[in-house]
1. Which condition number does residue 283 fail, the rest of (1) buried (at least 18 other Cβ atoms within 10 Å of the Cβ); (2) within 25 Å of residue 194 (Cα to Cα); (3) at pLDDT below 95 being met?
2. Starting from residues that are within 21 Å of residue 22 (Cα to Cα) and either among the small types (Gly, Ala, Ser) or assigned by TED's automatic domain parsing to the domain that holds residue 225 (or both), keep the ones in region 72-101 and report whichever is nearest to the chain's Cα centre (by Cα).
3. Using the structure shown, decide if residue 49 is surrounded by 14 or more Cβ atoms within 10 Å (Cβ to Cβ), in contact (Cβ under 8 Å) with a residue 24 or more places away in the chain, assigned to a strand (DSSP E or B) and touching an Asp or Glu at 6+ places or on another chain (Cβ under 9 Å).
4. With the structure loaded, tell me whether residue 318 is buried (at least 21 other Cβ atoms within 10 Å of the Cβ) and either over 16 Å from the mean Cα position of the chain (by Cα) or over 21 Å from residue 206 (Cα atoms) (or both) or whether it fails that test.
5. Tell me which residues, restricted to region 144-193, are in a loop (DSSP other than H, G, I, E, B), among the small types (Gly, Ala, Ser) and surrounded by fewer than 18 Cβ atoms within 10 Å (Cβ to Cβ).
6. Can you tell me how many residues within region 121-151 are among the hydroxyl-bearing types (Ser, Thr, Tyr) and free of Cβ contacts under 8 Å to residues at least 24 places away in the same chain?
7. Residue 55 is checked against (1) surrounded by 16 or more Cβ atoms within 10 Å (Cβ to Cβ); (2) touching a Gly at 6+ places or on another chain (Cβ under 6 Å); (3) not hydrophobic (A, V, I, L, M, F, W, C) and fails just one. What number does that condition carry?
8. Filter region 62-119 down to residues that are within 27 Å of residue 166 (Cα to Cα) and among the acidic types (Asp, Glu) and give me whichever is surrounded by the fewest Cβ atoms within 10 Å (Cβ to Cβ).
Amino acid sequence: MSGSEAMQKRPMYELLNCLEGLGCNIEYQGEKGCFPFILNTNGLNNNQINIDARKSGQNVSGILMQCPLLKSDCEINFENGTVSVPFIKMTLDMMRSFSENNHLNYTFENNSIKIEKCSYKNRNFSYDIEPDATAASYFMTLPQVVGGRCVIPGMKEQMLQGDISYFAVLNRLGAHITFSEDGVASSQGRPLSGGSFDFVDISDTFLTLAAISPLLSGTLEIYGIEHTRKQETDRVAAMARELVRLGQDVTEKSDRLIIRPNLNKLKLLAKSGVEVSTYKDHRFAMSFGILGSFDLFGNGQPWLKINDPGCCSKTFPLFFDCLNNARNASNG
């Protein structure tokens with residue numbers, strides 16, 4: 001197994017170390033704990049599973065999905081805790097939908113998940129996939145930047161995806177976001193203020209908010225994001241770097257960013273042209289696409305250059321087409 005240059009930097013050691021403890025043999029072709037490697041397996045030989053999940057909840061989800069194949073009760077322990085708990089709960093809820101008779105009994109407490117013996121369905125069935133709550137965060141934010149109203153169909157206040165809770169952060173800042181049978185509707189409320197917010201459970205949306213921070217009226221603190229340093233890029237350091245390039249006063253700490261907005265400085269720099277890098281990270285491209293929609297000089301002219309916007313094709317290849325259509329509808 002191998003991966004792109006960015007994937008070779010992702011935190012794989014904890015998962016691979018766990019698999020070795022379960023009877024797998026791994027031959028590393030480069031750095032230990034990273035792609036590329038050769039994986040030789042003999043099945044999972046232990047129903048007592050220990051894994052270090054401090055850097056990524058995905059490691060827990062990956063192991064969890066195999067548990068019904070053990071044909072016995074099993075227990076996963078991650079004694080040092082984990083990040084992105086809502087994603088683990090989402091995995092468990094989806095596993096229930098794929099289990100025979102939708103039967104999956106488990107307990108999730110004290111950094112441990114115990115699953116009773118179960119099995120997956122062996123017949124064809126249909127499963128409705130939720131709309132992407134993280135992608136929706138950009139369009140929930142857009143009206144706060146350009147005005148107007150945006151309705152995103154299919155979104156519900158209670159979803160499997162924890163990132164839907166991003167709407168609550170926007171509302172605390174001053175946005176007006178409501179849910180109905182049509183989906184989620186976003187429009188401007190009062191001018192966006194600042195505040196301090198824990199993004200540990202909704203970390204994929206922190207870039208969405210950080211990118212528009214120059215437009216806020218007060219200091220913004222985003223914390224609980226240390227684990228995002230090991231994603232497509234070091235998202236904490238990269239966001240700090242790009243905001244500074246846009247004239248913002250940023251304090252970077254291991255698990256947080258403290259941003260003191262300066263719209264006047266941004267306007268001054270933008271007169272001679274400003275650009276941001278995306279680090280081959282789809283969420284940078286989309287987040288700064290929302291900031292760039294702001295009519296900075298009140299004349300409708302573009303002012304922000306986003307390098308390599310096509311990197312968003314990883315998850316949302318038509319993002320900028322959708323953004324352009326939404327902006328045109330707002331202007332109309």
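1. Exception for residue 283: condition (3).
2. Among those that are within 21 Å of residue 22 (Cα to Cα) and either among the small types (Gly, Ala, Ser) or assigned by TED's automatic domain parsing to the domain that holds residue 225 (or both), it is 81.
3. Criteria met by residue 49.
4. no
5. Passing the criteria: 147, 148, 154, 174, 189, 193.
6. Within region 121-151, residues that are among the hydroxyl-bearing types (Ser, Thr, Tyr) and free of Cβ contacts under 8 Å to residues at least 24 places away in the same chain number 1.
7. All conditions are met except number (2).
8. Filtering first and then ranking leaves 109.
The values are calculated or read from the model by the stated rules, or taken from the named source; none is laboratory data. What you see is a predicted model; the values in this text were computed from it and never measured. When we count neighbours, we look across all protein chains shown, and the Cβ atoms used for this are built from the backbone with ideal geometry, even at glycine.
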